[in-house]
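A quick write-up on the structure given underneath.
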Amino acid sequence: MCPTPEENGTSNGHADGHSNGSNGSHTGFKKVAEQKSSNPYAPVGDFLSNVSKFQIIESTLREGEQFANAFFDTETKIKIAKALDAFGVDYIELTSPAASEQSRLDCEAIVALGLKAKILTHVRCNMEDAKMAVATGVDGVDVVIGTSSFLMEHSHGKDMAYIKKTAIEVIEYVKSQGKEIRFSSEDSFRSNLVDLLTLYQAVDKVGVHRVGIADTVGCATPRQVYDLVRTLRGVVNCDIETHFHNDTGCAIANAFCALEAGATHVDTSVIGIGERNGITPLGGLMARMIVADPDYVKGKYKLHMLKEIEDMVAEAVEINIPFNNYITGFCAFTHKAGIHAKAILNNPSTYEIINPHDFGMERYVHFASRLTGWNAIKSRVEQLNLTLTDAQIKVVTQKIKALADVRPIAIDDADSIIRTFHLNLTNNENKPLIPNLTIEEQKKFAKAEMELAAVKEKRELDEEAGVPTAKKVKA
Ligand SMILES: [Zn+2]
């Protein structure tokens, strides 16, 4: 939407075209530039925010491989890489070739596909790993080292001076090989801030393409993320990549806040799979970002592919898509309460912030429940190609609601009530709407019908008496 300092030429300046938005292809760039010359009083917007021009580093084939259930053979990795590339992710990150011989061969196999997305591999910050990574032919190398006191003491046992010296050597080597290089700390939010900023400043000076902030344990809150990224933005010129674990449920919010504070890249994985309960999910990030900038998201990513990619990964790691998954969860666009259903049928945006059609999904009005209303049933009657008057639909709605009070009903039950009701009217018959009810259920049904009729009567009396009712309020 508006230029960052980078676009204004005050930042980054890596001549290799890797910097976010440096090719000026995002329409937002030109638009604001034009406005500036024609109208000096045009709104300035948020110069820090990259919400309208972020890039995705898709890590299903690296972080995702650390998911408890994950075992990707070469064929599966290739299938996932191709799908992510077609979806439009900017980068695909792969497991370190130093992890195993097969991992190394898989890196080479994916590089050989010649995908549009840049291929990265993620290695420890040492020369041996970096050399191995470069030799696979990847476009870039992501190096990482733990900088928290916990990790320095209990994991690799190196101090800051050593980390800085090694980082600079590795960065200079990778750059000399014509590759992109990212340097990231691990557990950034539990690292000493002064140490962290000093280290990032040093690697920025030797021309690293991106520095990475990683909430490895998932402890950070959006405000902490904003503060750290904002501070870092003031210290380095290079791009800022961010990586958020979801242990405390903040992974998407943290990614969004990071972009607002000037981060340029977000790490994701499909359905969020990764170490423990995983990281920012690709679909969840899309849900967040399409609301923030629909043009950018719809213009850049093939959103209709999301479900297919999630199904592919879910199958590969033998899990189900969670019911409450962003966009593709089975009830993500299901509206149930009667008043919601009525409004949704009039205008979907009343109870929806995301249009399911943008993702090739359908909205669904749940009508087989005691919460249903006659507007939902009317829409179902139309879907079934039947003709009933509004008054008749109101009668059949009462039957469905009463039955739902007796026992849980399926869509088929509701449909069969509607169909039999319609047939009875057409043929002037009186077939039971709900066959197979036990005596006990028949009693309950009759009681439920009476209660519903009483509510209706009360409403009518209220209306006569001039008591305001929902009916009188225009939707
Ligand atoms: Zn991670």
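Assorted remarks:
- S185, S148 arranged by Cβ crowding within 10 Å, fewest neighbours leading: S148, S185
- Projected label distance in nm at S416 and Q224, using a 7 Å step from Cα toward the beta-carbon: 5.6 nm
- Karplus (6.51, -1.76, 1.60) ³J(HN,Hα), θ = phi - 60°, over segment 449-455, in Hz, Gly and Pro reported as x: 5, 5, 5, 5, 5, 5, 4
- Distance between the pseudo-spin-label points of M160 and R276 (7 Å out from Cα toward the beta carbon): 2.5 nm.
- Net charge dipole size for segment 55-316 [Lys, Arg +1 and Asp, Glu -1 on Cβ; Debye, nearest 20]: 540 debye
- 5 angstrom amide H check on E180, placed H, neighbours 5+ away: G140, V141
- Efficiency of FRET from Cβ geometry, A453 and L423, R₀ 30 Å, rounded to 0.05: 0.80
- Compared with the dominant Cα axis of the chain, that is its longest principal axis, helix 27-38 is turned about 80°.
- Estimated FRET transfer efficiency when R0 is 22 angstrom, pair N320-Q66 (beta carbons, to 0.05): 0.65
- The listed peptides 248-256, 313-321, 383-391, 53-61, ordered by packing as a protection proxy, come out as 53-61, 248-256, 313-321, 383-391 (highest mean of other Cβ atoms within 10 Å first).
- Positive-pole candidate from F67, L113, T268, dipole of the chain, charges at beta carbon: T268
- Derived scalar couplings ³J(HN,Hα) [segment 141-149; Karplus, 6.51 cos²θ - 1.76 cosθ + 1.60; whole Hz; x for Gly, Pro]: 10, 9, 9, 9, 8, x, 10, 6, 4
- Sorting V111, V194 from the fewest to the most surrounding beta carbons within 10 angstrom yields V194, V111.
- Restricting attention to the chain, close to 5% of DSSP beta bridges with both partner residues there are antiparallel.
- Among the listed pairs K79/K307; K77/K175; K53/K298; K82/K116; K82/K118; K298/K336, those beyond 20 Å (Cα-Cα): K77/K175; K298/K336
- Dipole magnitude (debye, nearest 20) for the chain, charges at Cβ of Lys, Arg, Asp, Glu: 1500 debye
- The chain: angle of helix 251-260 to the longest principal axis, Cα-based, in degrees nearest 10: 60 degrees
- In degrees, nearest ten, helix 222-233 long axis to first principal axis of the chain (Cα): 30 degrees
- Aspartates and glutamates with Cα under 18 Å of K443, excluding same-chain neighbours fewer than 8 positions away: D405, E451
- For segment 290-298, backbone phi angles converted through the Karplus equation (6.51, -1.76, 1.60; θ = phi - 60°) give residue-by-residue couplings of 5, 6, 6, 8, x, 5, 5, 5, 5 Hz, Gly and Pro being listed as x.
None of the figures in this text is laboratory data; all of them are computed from the coordinates on show. This is a predicted model, so every value here is computed, not measured. All Cβ positions, glycine included, derive from the backbone under ideal geometry; neighbour counts span all protein chains shown.
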